[in-house]
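The values are calculated or read from the model by the stated rules, or taken from the named source; none is laboratory data. Keep in mind the model is a prediction, meaning the values are calculated, not measured. Note: ideal-geometry Cβ built from the backbone for every residue, glycine included; neighbour counts use all protein chains shown. Surface areas here come from the heavy atoms of the whole protein model, side chains and all, with no ligands, DNA or RNA. Shrake-Rupley method; radii C 1.70, N 1.55, O 1.52, S 1.80 Å.
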Amino acid sequence: DFLGYPILLYRPQFGLWLAIILNKLFFVSLLNSYKIMVLFSLVLICCSMYFLVTSRFGRKAAICAALILMLQKDVYFDKILSGMWENYLAIGVLLIFFALLDKYANCLSLKKAFFLGILFAVIILSHLFAGIFAFFLIIVFFLVNSSTKLELRQKSMLRFYFLLISIVGFMISFFYIYPFLETSLYFRSVVNPKPLPLALSWTFKGFLGGF
């Protein structure tokens, strides 16, 4: 869940920020703000699943997918209520990012790229596992669209926009990523680093473990 870094040292930020906003701006108690965010994480992942599936397979399939996810006891009881709600908040944002990336892949513009970059930053700040997957998605869409039969100028613009999404996302979240990278040697020196393939397999298992 914590990507190998010390527990509570680099805790995901975005979900707690939303709880603090509810407390400071809307005068909701911290306890109730936390409860709202726990509930919101379940609602968001179900709605984002509906949004993703409906764009490809229609509303009926999307409703079925969202209901199947919502009725999974392991999701809302064993995971979300046990304190892993931030993971599912990040997955919900990731699914929205996936749907929008798929929708705008062939018609990206400067505004859309900036918006997707901001969404990418939100994903990174929500959870690093989800941030890694979002970056993988950007690479996949970049490679797929680079191989399509388009004019050279259109291909160059699409490549620029995909690169811009990554740059905007990393720049916004750099204040969070940099300390993590800078101090990673503190705990990597204690434990021998694992091979990259094994580390990536842990990432996939940790991300998909909730399902």
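Assorted remarks:
- Taking only protein heavy atoms and a 1.4 Å probe, the accessible area of segment 30-127 is 72% carbon and sulfur.
- A viscosity of 0.692 mPa s and a temperature of 37 °C, combined with the Kirkwood radius over Cα pairs in Stokes-Einstein, give a translational diffusion coefficient for segment 5-60 of 248 µm²/s.
- Going by accessible surface with a 1.4 Å probe and the largest first, Ile91, Ile139 read Ile139, Ile91.
- Two numbers describe the Cα atoms of segment 51-181: Rg and Dmax, which are 16.4, 51 Å.
- Applying both filters, DSSP loop and at most 14 other Cβ atoms within 10 Å, to the trypsin sites (Lys or Arg not before Pro) of segment 125-158 gives Lys149.
- Put Val43, Val28 in order of accessible area, highest first, and with a 1.4 Å probe you get Val43, Val28.
- For segment 106-116, putting each phi into the Karplus relation 6.51 cos²θ - 1.76 cosθ + 1.60 with θ = phi - 60° gives couplings of 9, 9, 5, 10, 4, 5, 5, 5, 5, 5, 5 Hz, in residue order, rounded to whole numbers and with x for Gly and Pro.
- The calculated pair-distance distribution of segment 129-177 uses every alpha carbon pair, bins of 5 angstrom beginning at 0, and gives 5, 20, 27, 21, 14, 9, 4, 1 percent.
- Protein heavy-atom accessible surface, 1.4 Å probe, per residue over segment 108-190: 57 Å².
- Accessible area, probe 1.4 Å, largest first, for residues Glu151, Glu86, Glu182: Glu151, Glu182, Glu86
- Shown here is the pair-distance distribution of segment 63-126: with all Cα-Cα distances grouped in 10 Å bins from zero up to the longest one, the shares run 20, 40, 28, 12, 1 percent.
- Note on segment 1-102: percent of Cα-Cα distances in each 5 Å bin, starting at 0 and stopping at the bin with the largest distance, equals 3, 13, 19, 20, 18, 15, 9, 3, 0.
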